[in-house]
Amino acid sequence: MSSTEKKLVLGNNLKQVTSDLHRHFNFTLGHFDTDETDGEMLNALALTVRDRVMERWRLSIEDEKNNAKKKVFYLSLEFLLGRSLTNTVLNLDLDEAVRTALKDFGCAYEDIESEEKDAGLGNGGLGRLAACFMDSCASLNLPVTGYGIRYEYGMFHQSFDEGYQIEQPDHWLRDGSPWEIERPKDTKHVKFYGHSEFYTNEQGEQCARWCNTQDVLAVPYDMPIPGYRNDKINTLRLWKAAATDEFNLADFNAGDYSDAVAQKNTAEQITMVLYPNDSSESGKELRLRQQYFLASASLQDVLDTWTKENKKDFSTFAESHCFQLNDTHPTLAVAELMRLLVDDYNQQWDEAWAITCQTMAYTNHTLLPEALEKWSVRLIGQLLPRILDIIYEINSRFLQEVAQKWPGDVDRQRRMSIIEEGDEPHVRMAYLAIIGSFSVNGVAALHSQLLTTGLFKDFHDLWPKKFNNKTNGVTPRRWLAHCNKELSQLMNSAIGDKWVCHLDDLAKLKKYAGDTAFQDKWRQVKYNNKVRLANLVNQKCGVNFDPQFMFDVQVKRIHEYKRQLLNVLHIIHLYDRVIRGEEILPRCVLIGGKAAPGYAFAKLIIKLTNNVAKVVNSDPKVASKLKVVFFPNYRVTSMEVICPATDLSEQISTAGKEASGTGNMKFMMNGAITIGTYDGANIEILDAVGEDNFFLFGLKVGEIAQYRAYNNPNDLIAVDEDLRRVINLIECGHFSMFEPGVFEPIIRSIRNPNDPWMVAADFRSYIDTQELAAQAYADTNRWTRSSILNTASSGHFSSDRTIREYANQIWSI
Ligand SMILES: *Cc1c(COP(=O)(O)O)cnc(C)c1O
C-alpha cells in the first residue's frame, strides 16, 4: 500500500460509490426521484468521481511541494482534452463500481457518458498532443503542470448545408463543468498598452517600468489530470480573462456607468474563443493578446510561488524549473520572463538572460511557411511596448554574437535577425524561441532533420547541440484501453495487462499473429467495432455501412497538404470502375475533419466529398461495392469510435509536409494498416512494422523537386487514362449538376504545373497501392496477421515513451 493510499478515505467499492451517487443526486443537485434525465445523472456521477479525484489531488500537490526538486510547465494555447469522465473512471479504476451502481439506478453507463460534452480547446494534432502528454506525465508520476486558456467557446461545431461546411459556436461551458475548480485567490494582473519609462533607482541603476497600462485579470481554473492507477493527479491550469474593477474608472466617475461596464467586454473577450486555424497563423490582434495573456499569467504564477519561499534570490531558480513551449504560440514567455526578472525583481540583464536560456525549451510543429508566426513590430509596440523593448535588446545582443562568429557576414545577420525588415517589419517568433531556449525539438525524425538542414540551418550551424528530436506519441489509456475495450480484453487474455503502462509489451502479440484461433477472435473484435461505427454513421449521415466491407478512413483537419483531394480522386476512380462494370473490393470510405472557416479551398474539398458521396450512395449499381461519407463534426469523441473500427488508415500527406502526425499512431495501435507516404512519423511506423505490413506509395522529399522539373500534371493527365477519366468526371459536372463550375478551383489546382501538393504526380502510385491493399484485404488471414502485427509493433508510439525522452533529455527530471 502506498503512503498516499493510506490517507484515502473514499472507497472505490460499489457500496460507497452507490451511496455517494445517491447523495449527490439527491442532496448536492436536489433531484427527488429517478425520473431525471441522463444529463442530470452525469452530473451526479461526475461529482462522485470528482470526490475521489480531490483527495488524491490534495495529496499530490502536498507531495510535490515537499519532494519535487524540479518542476516542469507545459505552455500551450491548446489542450484538446475531449471527455474527462470515462478517462477519469478508467485511470482511477472505478469502471466496475460505476457500471453496477448506475445499473442499480436503472441507467446504462454508455448512455450517461455520452452526455458529456468534449472539451474542444484545440484544433487538431498539436492540441491533442498536449492532452496526451498531460496524461503520460501524470501516469509517469512527473511534476508537470499544464498552462493554457479557458476558452468560453472551443472548436466550432461542424454541420453541412448543401454539402457546404456550416460552423456553429461550441458553448461547452453552458451547463458548467464539474472538472474545473476556480481559484480566484491566484488571480494575476496582465498588462496591455501604455508605454515604457526609464529611470534611475536609489542604487543609481538604470531601470525600466511599464506605465499607464490597461490591466486585465487572469483568473485560474484548475482541471485535474489523473495518472493511470497511481494516485497521482497533476494540474492543468486554464486562465480566464476578467475586467479589473478599476477598468475605465475615469468613465465611471464621469457618470458613464453603462459604458464603463460595457468596456468589461473588451477584457473578457480575450478568452472568449479558440482561433480555429490549424497550421496557419491568424495575424489578428486578439490572438496576440491571447498569447501574451497566457505567457504573462503563467510566468507570474510560477514566480509568485517561487518568491513566496525564496524572496528575490533566483540563484537556484534555473535548476528547478523548465518551461516547454508548445510551438511558437507561447513564445512571448521568453521576453516576459526577462521583463519580470529585470523590471519587477531587479535582476541584472545577464543573470536574467542566463535563467531564461536555461529554463525555456521550444517544440517546433511545422515547416509550412504559412504557419510560421510573425507579428508586426507596430502591433507589438502598441499592445506590448515594454515587451518590444526587450525583444530589441535580445536581438541586438544576439546579432553581436553572430557577428563575432561570422565577422563581416551581414547577409547572415539579416537572415538570422529576430526582426524581418521590410515595408512592415515583423518579429519572427520562431527565432525568438530558438534564441531564448536551451532545447529546440522537432516531432518526428524526418521533421527534426529537415529543420536542421532547411528552415533553421543557420541556427543549427551556430548551436548544433540545441537541436534534437522527440517523436510524438499518443496515450494508450485513451487510444486503446478506453476506446477499444474488447480488443484490450482479448490482448489481456493473451499477454496480460502490463501493456497499458508499458506499451512495448504489445510485442508479445507477435507470436499470435499467425495463430488462426487468435486471428478469428481478433477479426471478431474488429467486426464488432465496425458494427458500432456503422451505427454511428447511419445515425449521423443516414448511410448504411456494411461491416463486411473494408473500412477505409481518413480523419484529420482538412488541408491541401494532407491531400484529402487525392483520396477523393481515388473514390471517383473506384466509382468509375464500378460503372465500367469492373469488379472492385467492396469498401466503405469515411472522410472527416474540419476546415478553418477562412480556408476556402479546404471548404471546397468538403463540398466535393459530399457531392461525390451523394452521387455514389444514390446509384443502386454501386451500392453493393462502394459507400462514401463525410463524417460531420470530427472530434476526439468521434475518433474514439472511428479508430477501433478502421481497416485501412489513410496517411497520404505530400512528403515533407506532415511534421509527425498522431492520428496515424492511434490507427496503428488499434490494428489498422496504413496506406501512406514517406512522411513524418509514417516513416517510423513503417520501420517498426516492416514493409509487408504497410502500403507505402508516392514521391519522397528528395524526389519532389526533380520530378516537378520534368513532369507537368497536364501531361500526366494526357497519358494516364484512369486519371483522365477521373478529371473528366469532375470537369464535365458529374458531381455538380446543379452548380456548374463550382469545382473549377480544384481542377485548376490539380492541373497547376507548380502544384505544391503533387496530387497528379502521386495519383498513379496511390491508385496502384490502393489496389495492392484491396488484394491484401481479400486474403483474410494475411490481413488479420498484418493487423495484429501493427498493434504488436506500436509500442514505440506511446506518449509515455515520448515523455520519458523529454524528461531524461530535455527536462532532466
Ligand atoms: C489525433 C487527432 C488529430 C490529429 O490527427 P492527424 O491525422 O495526426 O492530423 C486531430 N484531431 C483529433 C480530434 C484527433 O484525435
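Ratio of Rg to Rh for segment 299-392: 1.00 [Cα atoms; Kirkwood radius as inverse mean 1/r over pairs]. Dividing the summed helix terms, -39500 (n - 2.57) for each DSSP H run of n ≥ 4, by the number of residues in the chain produces a 222 nm estimate of -14000 deg cm²/dmol to the nearest 500.
For the chain, with only Lys/Arg (+1) and Asp/Glu (-1) charged at the beta-carbon, what is the dipole magnitude about the Cα centre, in debye rounded to 20? Don't skip to the answer; put the middle values down first.
On the way: 90 positive and 109 negative charges, 330 e Å.
Roughly 1580 debye, rounded to the nearest 20.
Over all Cα atoms in segment 682-799, the spread is summed up by Rg and Dmax: 18.2, 50 Å. Compactness ratio for segment 89-221: Cα radius of gyration over 2.2 N^0.38 Å (N = residue count) comes to 1.61. Around the amide H of Glu152, modelled in the peptide plane, lie the amide H atoms of Met272, Val273, all under 5 Å away and 5 or more residues distant in sequence or on another chain. Applied to segment 677-691, the Karplus parametrisation 6.51 cos²θ - 1.76 cosθ + 1.60 on θ = phi - 60° returns per-residue 3J(HN,Hα) values of 8, 7, 8, x, 6, 3, 4, 6, 5, 4, 4, 6, 9, x, 5 Hz, with x for Gly and Pro.
For segment 506-610, the Cα-based Rg and Dmax, in that order, read 17.2, 52 Å.
Computed log10 I(q)/I(0) for segment 104-160 at 0.15, 0.25 Å⁻¹: -0.68, -1.05, from the Debye equation with unit scatterers placed on every C-alpha and solvent omitted. Within a straight-line Cα-Cα reach of under 13 Å, Lys312 can be paired with the following aspartates and glutamates, leaving aside sequence neighbours fewer than 8 residues apart in one chain: Asp304, Asp343, Asp344, Glu351. Can you compute the label reach from Asp411? Point 7 Å from Cα along the Cβ direction, backbone N cut-off under 18 Å, restricted to segment 426-470. Flagged as within label range: 454-462.
Classified by the C-alpha gyration tensor, segment 577-713 has a rounded form. Its axis ratio a/c, with a ≥ b ≥ c, is below 1.5. Whole-Hz Karplus values for segment 616-626 come out as 5, 6, 9, 9, x, 5, 9, 3, 7, 10, 8 Hz, taken residue by residue from phi with 6.51 cos²θ - 1.76 cosθ + 1.60 and θ = phi - 60°; glycine and proline positions read x.
Taking 1 over the mean of 1/r across every pair of different Cα atoms in segment 19-116, what Kirkwood radius in Å do you get? If you can, show how the numbers build up before the last one.
Numbers: mean 1/r = 0.0656 Å⁻¹.
Kirkwood hydrodynamic radius for segment 19-116: 15.2 Å.
Within 10 Å of each residue's Cβ, count the other Cβ atoms and sort Met360, Met550, Met134 from fewest upward. Can you show the working numbers first?
Values: Met360 25, Met550 20, Met134 28.
Listing Met360, Met550, Met134 from fewest to most nearby Cβ atoms yields Met550, Met360, Met134.
Which three semi-axes in whole Å describe the equivalent ellipsoid of segment 573-618, each the square root of 5 times a Cα gyration tensor eigenvalue, listed largest first?
Numbers: eigenvalues 142, 22, 13 Å².
They are 27, 10, 8 Å, listed largest first.
Which order do Cys211, Cys322 fall in if you start with the one that has the fewest other Cβ atoms within 10 Å? Could the numbers behind the result be given before it?
Working: Cys211 12, Cys322 24.
Fewest-to-most Cβ neighbours within 10 Å comes out as Cys211, Cys322.
Across segment 483-558, the volume of the C-alpha convex hull divided among the residues equals 131 Å³ per residue.
Less than 5 angstrom separates the built amide H of Glu658 from those of Gly680, all sequence-distant by 5 or more or on a different chain. Residues in segment 401-409 carry Karplus couplings, in order, of 5, 5, 5, 5, 6, 10, x, x, 7 Hz; the curve used is 6.51 cos²θ - 1.76 cosθ + 1.60 with θ = phi - 60°, and Gly or Pro positions show x.
According to the square roots a ≥ b ≥ c of the eigenvalues of the Cα gyration tensor, what is the shape class of segment 155-259, taking rounded for a/c under 1.5, prolate for a/b larger than b/c otherwise, and oblate for the remainder?
On the way: a/c = 2.30, a/b = 1.47, b/c = 1.56.
Taking the square roots of the gyration eigenvalues as a ≥ b ≥ c, segment 155-259 is oblate.
Taking the number of Cβ atoms within 10 Å of each Cβ as an exposure proxy, the fewest-first ranking of Tyr431, Tyr109 is Tyr109, Tyr431. Counted over segment 71-174, the DSSP beta bridges are approximately 65% antiparallel.
Taking the DSSP beta bridges with both ends in the chain, the antiparallel portion is around 45 percent. Distances between placed amide hydrogens fall under 5 Å for His157 paired with Gln168, Asp170, all partners being 5 or more residues away or on another chain.
Which of rounded, prolate, oblate describes the chain, given a ≥ b ≥ c as roots of the alpha-carbon gyration tensor eigenvalues and a/c under 1.5 marking rounded, otherwise prolate only if a/b is larger than b/c? Please report the intermediate quantities before stating the final value.
Working: a/c = 1.65, a/b = 1.24, b/c = 1.33.
Oblate is the answer for the chain, as a/c is 1.5 or above yet b/c matches or exceeds a/b.
Laboratory data are not the source of any read-out in this text; all were calculated from the coordinates shown. Note that the structure is a prediction, hence the values are computed from the model and not measured. Counting neighbours? That spans all protein chains shown, and the Cβs are built from the backbone with ideal geometry, glycine included.
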